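The values are calculated or read from the model by the stated rules, or taken from the named source; none is laboratory data. All values reported here derive from a predicted model rather than from experimental measurement. Note that each Cβ is placed from the backbone with ideal geometry, even for glycine, and that neighbours are counted across all protein chains shown.
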Amino acid sequence: MSQDYVFNKIHVQIEGDKAKFFTYTWGRCRDVYVDVVYPLRVDLRRLARSNTRYQFEYADLVTECYDSNKNINRYITVIPKTAVVVRVHGSVSCSHSVDELVLLEPGKPPRLIEKLSETREVVNGKYRILRQVEYIVVNNEKIVISERDIEKTKIKLEAKISEKDGKIYVTGDTYDIKEELKSHGFKWDPVLKAWWTDKLSREEVASLLRELNVEVT
C-alpha cells in the first residue's frame, strides 16, 4: 500500500522503503530535476535519457529511473539504506518553481529539511571573494548544496611604468585608482590603454603608485 506526500507541489509516493519522485516534463515550462546530495552526490536526472528503465545501486541507496514516451510520465525511485537527502528543483509550471530538500530514512515518512546559508570570505590570488553558500546539516555534518560569488574585490594591484617622448605611462591594474590618477593630472590614452603624464618624473610616479598600494613591476 502506497502513501502520497506533497511538499510545495513536489509529489512523493512512499511504498515500503521506496520513495518515488514524479519528475515528468510537459511543455517548455515544466522541467523538474532530482539529485541525491547526501550521503553521496548523484544527478539522477542525467542517468535516464531514453524510453526505458534504469537501476543503479550504490553503497547507501538504490535508484530506479524510468522515462516514458516523450517524458510525459517520468519518475525516479530512491530506496535508501540509511539517511538520504534528495534535492528536487526546477519548474512545475510557468509561474511556480521548486527547490526543496527531502530527507528519507528507512521506516520513516519523508520530511523536508531546512536549507541554511552563510557568507564566506575567500582569497584567490589577487582577489578577495565573498561567497554565498547554501548548506544543510545531517547527522552533525555540514553538506554544501550550492555556492555563488556575490562580490569580487581586487586586493593586490600591479602596474608597470614606461617612458616615451617625454611622457610617463602607467599600465596594469589602474581601474581602481583612476580617480586618484586624474587628480594628479594623468590623462587616459585610449589607443595605448594607459594613463600618462608629462608633469611628473618616473620616480615621482613610482612613489605615487606605492602610496596608492600599487606594486610597481
Check on A59, closer than 24 Å to E141 by Cβ, modelled with pLDDT of 80 or more, more than 23 Å from the chain's Cα centre (by Cα) and surrounded by fewer than 19 Cβ atoms within 10 Å (Cβ to Cβ): no
Scan of the range 101-123 for residues that are at pLDDT below 90 and either assigned to a strand (DSSP E or B) or touching a helix residue (DSSP H, G or I) at 6+ places or on another chain (Cβ under 8 Å) (or both), ordered by number: V123
Meets criteria (at pLDDT 80 or above and surrounded by fewer than 17 Cβ atoms within 10 Å (Cβ to Cβ)) for Y54: no
Close pairs from the range 69-80: first in the same structural domain as F22 (by TED's automatic domain parsing) and in a helix (DSSP H, G or I), partner buried (at least 17 other Cβ atoms within 10 Å of the Cβ) and modelled with pLDDT of 85 or more, Cβ under 8 Å, at least 6 apart: none
Given (1) on the phi < 0 side of the Ramachandran plot; (2) free of Cβ contacts under 8 Å to residues at least 24 places away in the same chain; (3) assigned to a loop (DSSP other than H, G, I, E, B), index of the condition G185 fails: (1)
Residue match in the range 89-102 (condition: under 14 Å from Y38 (Cβ atoms) and surrounded by 17 or more Cβ atoms within 10 Å (Cβ to Cβ)): yes
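Quick grid of which residues meet (1) of a type in the set (G, A, S); (2) over 27 Å from V123 (Cβ atoms):
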position	(1), (2)
I177	no, no
K187	no, yes
A194	yes, yes
T197	no, yes
L200	no, yes
E211	no, no
T217	no, no
Subset of the range 152-197 (residues that are surrounded by 12 or more Cβ atoms within 10 Å (Cβ to Cβ) and among the acidic types (D, E)): E158, E163, D173, D176, E180, D189
Among residues of the range 110-141, those that are surrounded by fewer than 16 Cβ atoms within 10 Å (Cβ to Cβ) and in contact with a Phe, Trp or Tyr (Cβ under 7 Å, 6 or more places away or on another chain), counted: 2
